[in-house]
1. So which residues in the range 7-35 are assigned to a loop (DSSP other than H, G, I, E, B) and surrounded by 10 or more Cβ atoms within 10 Å (Cβ to Cβ)?
2. Determine, yes or no, whether residue 35 is modelled with pLDDT of 90 or more and out of contact with any strand residue (DSSP E or B) (no Cβ under 7 Å at 6 or more places or on another chain).
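The values are calculated or read from the model by the stated rules, or taken from the named source; none is laboratory data. Model, not experiment: these values are computed from the prediction. In this analysis, Cβ positions are derived from the backbone assuming ideal geometry, glycine residues included, and neighbour counts consider all displayed protein chains.
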(Lines give C-alpha, C1' and ligand atoms only; values in the text may rest on other atoms or scores of the structure.)
Protein backbone atom coordinates (compact mmCIF):
# COMPACT_ATOMS: atom_id res chain seq x y z
CA UNK A 1 0.00 0.00 0.00
CA UNK A 2 1.28 3.47 -0.88
CA UNK A 3 0.68 6.23 1.66
CA UNK A 4 -0.64 9.58 0.52
CA UNK A 5 1.14 12.77 1.48
CA UNK A 6 -0.92 15.70 2.79
CA UNK A 7 -2.42 17.58 -0.15
CA UNK A 8 -1.92 14.69 -2.59
CA UNK A 9 -5.04 13.76 -4.60
CA UNK A 10 -6.77 10.57 -3.49
CA UNK A 11 -7.04 7.70 -5.95
CA UNK A 12 -10.49 7.00 -7.34
CA UNK A 13 -12.49 4.51 -5.24
CA UNK A 14 -16.04 3.37 -4.54
CA UNK A 15 -17.71 3.12 -1.14
CA UNK A 16 -21.10 1.95 0.07
CA UNK A 17 -23.18 4.41 2.07
CA UNK A 18 -25.60 3.63 4.88
CA UNK A 19 -28.50 4.13 2.44
CA UNK A 20 -27.25 1.17 0.38
CA UNK A 21 -26.09 3.33 -2.51
CA UNK A 22 -22.53 3.02 -3.84
CA UNK A 23 -20.65 6.26 -4.41
CA UNK A 24 -17.58 6.69 -6.63
CA UNK A 25 -15.18 9.52 -5.79
CA UNK A 26 -14.75 10.62 -9.42
CA UNK A 27 -18.54 10.94 -9.83
CA UNK A 28 -19.05 12.90 -6.61
CA UNK A 29 -16.20 15.28 -7.53
CA UNK A 30 -18.11 16.30 -10.68
CA UNK A 31 -20.84 17.77 -8.47
CA UNK A 32 -19.08 19.06 -5.35
CA UNK A 33 -15.84 19.42 -3.46
CA UNK A 34 -14.93 16.52 -1.19
CA UNK A 35 -12.93 16.35 2.02
CA UNK A 36 -11.69 12.86 2.84
CA UNK A 37 -10.54 11.97 6.33
CA UNK A 38 -8.98 8.58 6.96
CA UNK A 39 -8.55 7.20 10.45
CA UNK A 40 -7.95 3.75 11.90
CA UNK A 41 -10.99 1.98 13.31
CA UNK A 42 -11.38 0.90 16.90
CA UNK A 43 -9.08 -1.85 18.07
CA UNK A 44 -6.79 -1.64 15.03
CA UNK A 45 -3.06 -0.91 15.06
CA UNK A 46 -2.05 2.53 13.84
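1. We begin by selecting, within the range 7-35, every residue assigned to a loop (DSSP other than H, G, I, E, B); these are 7-13, 17-21, 30-35.
Passing the criteria: 10, 12, 13, 34.
2. In short, no.
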